[in-house]
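Data block below; observations after.
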Amino acid sequence: MANQLAFYFNTARCTGCKACQVACQDKHDLSPEMRWRRVAEFSGGEWTRNPDNTYSHSVFAYYVSVACNHCEQPICKEVCPAAAISKRDDGIVLIDEDKCIGCRYCEWACPYAAPQFNDDKGTMSKCTFCSDYIDAGQSPACVAACPSRALEFGELEELRAKYGTLAEVAPLPEARFTDPALVINPTAHTQPVASRAGVLANPEEI
């Protein structure tokens, strides 16, 4: 089996510009409502007045760009009753629209809300890791579009050896559920998964 491909995301570099999201929508001709890659903003903290009338704060905010993580244990594939979801030798998880019956089981099961229902086709769709670009030796559209180089891709073990093994930060779910093919570089303000120190500031966009 070929090595598992994965995304690397550098929280310290992301500015929340959504160029990755727009590039994905443009490449796959998606409607504005359908976002295979989304950028979440997580923020929190407070200002405190000190006895000397100065102020200190614990305010923080950061962005997390997330799409399908082409998990090592894709729960979407496990729950699909039509066997419409497959995992390639390189780890890319794909949906066969010809087999999909639009039951939405994969959507409900995925902790990252990666599969999305296409109203026009009546089937599910999601990030393909730009498999056609990968097969042609090119980078995924989201990676190529990022102006701050916050996104990379490569073989999972190589990314882990280079950047570490962290695959979960707030507001993402715990990695243990699906073993996502994802490596994250945190910042000093990045909160641990399930943190209540902040809130998702743009829920309508996620």
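Where a number appears in this text, it was derived from the coordinates with a stated rule and is not lab data. For clarity, every value in this text was computed on a predicted model and none was experimentally measured. With ideal geometry, Cβ positions are generated from the backbone for all residues, glycine too; neighbour counts draw on all protein chains shown.
Distance between the 7 Å Cα→Cβ label points at residue 28 and residue 53: 5.6 nm. Once the Cα-Cα distance is subtracted from the 0.36 nm per residue extended length, the residue 61 to residue 161 segment shows a gain of 33.2 nm. With pairing defined as another cysteine C-beta under 4.7 Å, the cysteines of the chain that fail it are 14, 17, 24, 71, 80, 100, 103, 110, 130, 146. Descending by average beta-carbon neighbour count within 10 Å, the peptides 105-116, 79-90 line up as 105-116, 79-90, the highest first. Taking the centroid of alpha carbons for each part, the stretch 138-206 and the stretch 8-41 are 13 Å apart. The length gained by stretching the chain between residue 46 and residue 96 to full extension, at 0.36 nm per residue less their Cα-Cα distance, is 13.3 nm. Among the chymotrypsin sites (Phe, Trp or Tyr not before Pro) within the stretch 3-69, not one is in coil by DSSP while having at most 12 neighbouring Cβ atoms inside 10 Å. Given R0 = 35 Å, the distance between the Cβ atoms of residue 135 and residue 193 translates into a calculated FRET efficiency of 0.55.
Scaled against the 2.2 N^0.38 Å expected of a compact globular protein of N residues, the Cα radius of gyration of the chain reads 1.08. Only helices enter the 222 nm calculation for the chain: every DSSP H run of n ≥ 4 contributes -39,500 (n - 2.57), and dividing by all residues gives -4000 deg cm²/dmol, rounded to 500.
For trypsin sites (Lys or Arg not before Pro), the sites in the stretch 95-148 that DSSP calls loop and that have at most 14 other Cβ atoms within 10 Å are 99, 104, 121.
Taking every alpha-carbon pair under 8 Å whose residues sit at least 6 apart, the chain reaches a relative contact order of 32 percent.
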